[in-house]
Amino acid sequence: MAGDANSSRDRIAHCCCEQLRAKTTGEPLIVITCFCEECQRRTASAFGISTYWMREHVELSGSATRYVREGQNGRKATYYFCPTCGSSVHWELPDRRPGQLGISGGSFCDKDFPAPSMSVWERSKPGWISIPASARFMENPPPPPIPTRVPH
Ligand SMILES: [Zn+2]
Ligand SMILES: [Zn+2]
């Protein structure tokens with residue numbers, strides 16, 4: 001983004017075999033740990049790390065398999081996986097986060113990635129994981145307001 005000093009940082013998230021990639025510009029809108037059962041199964045781990053970006057700040061490449069599931073209150077969630085290695089790289093929540101793209105925090109493999117500011121669905125969080133008390137929710141809080149665009 002020429003002329004926008006705040007959004008110049010690029011990062012690459014990719015699957016294990018590296019063919020499915022998401023290049024992000026700037027910083028994520030929010031980073032969330034999610035302990036819902038779907039994220040545990042999707043990641044085959046104890047929680048998912050959800051990072052959200054404005055769609056226009058992400059460049060996707062490679063081929064992906066789609067999986068659509070019904071979320072809370074019938075809201076649709078579409079997940080994209082690498083058809084070769086099976087990694088979950090990105091997703092869309094058109095009802096909850098229109099105009100945004102979710103990217104698995106783990107796909108960045110970056111220990112210096114911004115820390116989560118929210119932890120949701122803690123009611124299915126394993127007891128051995130401790131999360132800083134700053135922003136913990138037993139379920140998903142209500143959808144955030146749709147961000148208004150700040151003119152650059
Ligand atoms: Zn792959
Ligand atoms: Zn989840």
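Laboratory data are not the source of any read-out in this text; all were calculated from the coordinates shown. As the structure is a computational prediction, the values presented were derived from the model and not from experiment. Please note: Cβ atoms are built from the backbone with ideal geometry, for glycine as well, and neighbour counts cover all protein chains shown.
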Share antiparallel - DSSP beta bridges, the chain, percent rounded to 5: 90
Linear extension gain, Trp128 paired with Lys76, 0.36 nm per residue minus alpha-carbon span: 15.6 nm
Value of relative contact order over the chain, rounded to a whole percent, pairs C-alpha under 8 Å and six or more apart: 24
R0 of 30 Å, Cβ-Cβ distance Leu29-Thr84: FRET efficiency to nearest 0.05: 0.55
Distance (nanometres) between label positions extended 7 Å along Cα→Cβ at Asn140 and Arg69: 1.1
Pair Ile12, Arg149: separation of 7 Å Cα→Cβ label points (nm): 2.9
